[in-house]
Every structure is written in structure tokens, then in C-alpha cells.
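Each remark here refers to the structure printed beneath this line.
Each value in this text was obtained by applying a stated rule to the coordinates, not by laboratory testing. Keep in mind that this is a model prediction, so the values were computed, not measured. Neighbour counts are summed over all protein chains in view; Cβ atoms, including those assigned to glycine, are modelled from backbone coordinates with ideal geometry.
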Amino acid sequence: MRRRVRYTPSKPSMILSLVVGVLFIIIGLFVAIPNFGLFGIVWTLIAVGITVANALPLFSDKAEYRSGMIIEEDDASPAPVNYSGRTREERLAELSDLYEKRLITREDYDRRREEILKEI
């Protein structure tokens with residue numbers, strides 16, 4: 001089973017990246033290029049590249065604004081879970097803790113919570 005972990009920044013974090021990137025571009029145009037020549041040009045081009053890369057998700061139609069880690073697994077079948085001897089309350093508390101730490105998605109949390117509650 002292969003896992004892929006992806007981090008998605010929040011909308012405020014993307015906006016901050018855009019603002020800081022524009023600031024670095026302005027510094028490049030008005031300070032670095034006139035004073036440092038070729039280094040200033042390289043500085044400004046790098047600042048433009050980083051700003052565009054960080055701003056694209058903000059203006060994309062498919063942008064996801066939930067922040068946190070997304071863990072994707074290639075194998076569609078979930079791994080078996082051994083709950084040996086734990087009460088439903090303990091399992092629900094652990095599940096909630098995993099979700100609050102952003103280690104599982106909302107969909108996983110809801111599905112597993114329903115499985116636990118069906119046992120009652």
C-alpha cells in the first residue's frame with residue numbers, strides 16, 4: 001500500500017503568501033535591480049515565480065480552502081483495525097483526537113464514527 005501525503009494551506013495563508021510575494025517583487029524592481037544588476041534580475045524573477053506558484057490555488061476554480069494534511073492511499077480497502085478491549089467511548093475519543101490533529105479527513109471520521117455507533 002502506497003501513501004501520499006499532501007498539505008493544503010488555508011486561504012489566509014495563501015493571501016499572506018501573495019502579499020509577501022508582491023512585496024518581494026517590489027523590492028526587486030525598485031531596490032535590487034538598480035543596485036545589484038544581474039542579482040536583482042534573478043531576485044525579481046524568483047520572487048515572481050514563487051508568488052505565482054503560491055497565488056494560483058487562490059484564484060483557481062478547484063481550490064480547496066481547508067487547511068491540513070490529506071493522506072491518500074492507493075489501496076481502496078482500509079487496513080483492518082484491532083480495537084482489542086477498548087470501550088466505545090475510548091474509541092470515539094481516540095477518533096476525535098485523530099481528526100482534531102488533522103491526521104484523518106472529515107469523511108474518514110464520519111465513516112468510522114458511524115461504524116462505532118452501529119455497534120451500540
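Spin-label model, Ile116/Glu89: points 7 Å from Cα along the beta carbon direction are separated by 1.3 nm.
Counting 0.36 nm for each residue step from Ile26 to Asp108 and taking away their Cα separation leaves a gain of 25.1 nm.
Grab the alpha carbons of the range 8-59, take their convex hull, and tell me the volume per residue in Å³.
Numbers: hull volume 2.9 nm³, N = 52.
Value for the range 8-59: 55 Å³ per residue.
Rounded to the nearest 0.05, the FRET efficiency derived from the C-beta distance between Leu38 and Lys11 at R0 = 35 Å is 0.45.
Could you give the length gained on full extension between Leu45 and Glu100, defined as 0.36 nm per residue of separation minus the Cα-Cα distance, in nm? Before the final figure, lay out the partial values.
On the way: separation 55, 0.36 × 55 = 19.80 nm, distance 3.92 nm.
Full-extension gain reported as 15.9 nm.
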